[in-house]
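Quick notes on the structure that follows.
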């Protein structure tokens, strides 16, 4: 098995596990905090979480670009398009919400929106992992 395929599958798997934990545990738990406590916890959570998610996302992006550069296949192209969509959604929708939370702009509607909007990333990362898994085992 190609080393890059295995690393890519591990990165995709790590991100799918993380996004499901965020979707089912972390974001819904925000609704159970008082505003002041949530702001304090959110600052700590985002700095801790960033240590995990940033290397995984950059690794996934880097390997996907490399894979497409050496093999212009439909699999590599579709994978990279999904990854770009995930980055766009993350920076266009979620970074602004997290910035507001860090500044103390907390309300129940925003927290519910965070959970609802995150389904798009959850589904895309799940689809990407399933696609990578299928592609890897079919070789």
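The values are calculated or read from the model by the stated rules, or taken from the named source; none is laboratory data. Not measured: the values here are computed from a predicted model. With ideal geometry, Cβ positions are generated from the backbone for all residues, glycine too; neighbour counts draw on all protein chains shown.
Before moving on, here are some points about what is shown:
- Meeting the requirement of 1 or more residues that are closer than 13 Å to residue 15 by Cβ and at pLDDT 95 or above, the helices (runs of 4 or more DSSP H) wholly within the stretch 68-139 are 74-89, 108-137.
- Of all the listed residues (64, 40, 50), the sole one being out of contact with any strand residue (DSSP E or B) (no Cβ under 9 Å at 6 or more places or on another chain) and under 21 Å from residue 137 (Cβ atoms) is 64.
- Selection count, the stretch 9-35, where residues are in contact (Cβ under 8 Å) with a residue 40 or more places away in the chain and either farther than 18 Å from residue 127 by Cβ or outside any helix (DSSP H, G or I) (or both): 5
- All of 73, 50 fail the test of being without any contact (Cβ under 8 Å) to a residue 40 or more places away in the chain, loosely packed, with under 14 Cβ neighbours inside 10 Å and farther than 20 Å from residue 133 by Cα, apart from 50.
- Number of the condition not met by residue 56 [criteria: (1) within 19 Å of residue 122 (Cβ to Cβ); (2) outside any helix (DSSP H, G or I)]: (2)
- Taken over the stretch 76-102, residues that are in contact with a helix residue (DSSP H, G or I) (Cβ under 9 Å, 6 or more places away or on another chain) and without any contact (Cβ under 8 Å) to a residue 24 or more places away in the chain amount to 6.
- Taken over the stretch 108-139, the criterion of being within 17 Å of residue 31 (Cβ to Cβ), without any contact (Cβ under 8 Å) to a residue 40 or more places away in the chain and loosely packed, with under 12 Cβ neighbours inside 10 Å is satisfied by 109, 116.
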